[in-house]
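In what follows, a single structure is set out as structure tokens and then discussed.
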Amino acid sequence: MKIIDGQLVALLGAALGFLLAGIGSSKGVGLAGQVGAGVLTEDPSKFVSVMVLEALPSTQTIYAFVIAFFIIGRIDPAMTVTQGLHLFAAALPIGVVGFISAIYQGKVAAAGIQLIAKHSGSLVSAITLALMVEMFAILSLIASILMIG
């Protein structure tokens with residue numbers, strides 16, 4: 001009986017990609033939430049705007065979940081270690097870029113929340129700035145999907 005087989009390698013890739021993106025999203029949402037709580041102590045009417053911006057860094061984990069789902073769907077009991085490594089590698093773009101972009105998106109979202117605190121009508125501008133970071137997560141999602149095949 002083999003200790004390491006293709007299935008295990010593929011599952012580890014799915015888990016690693018999801019965990020990295022999840023850690024990054026948690027950090028990003030937490031950063032934005034800390035700033036948002038400060039803003040809401042001064043003006044609770046800005047809750048919706050703050051919540052929208054705070055939630056943006058969570059999308060990286062959603063993308064990683066999609067990739068993990070695709071990888072798990074491709075697992076075959078007869079797959080070789082090489083095939084498992086291909087799926088493992090496919091999880092890396094969304095995992096690594098998702099981790100980093102979620103943290104930076106949280107920082108941009110936090111700055112956007114501060115912008116909204118001073119200029120209530122700036123939600124669209126704040127979202128646009130945060131979505132610039134999102135583009136890298138979307139590109140990594142596409143790269144992972146293409147690698148899965």
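Data table
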read-out	value
Nearby lysines by direct alpha-carbon distance to LYS27 (threshold 21 angstrom, same-chain neighbours under 8 apart not counted)	LYS107
Relative contact order of the chain, pairs being alpha-carbon contacts under 8 Å that are 6 or more residues apart, as %	37 percent
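Computed from the coordinates by the stated procedures, all read-outs in this text should not be read as laboratory data. Predicted, not measured: the structure shown is a model, and the values here were computed from it.
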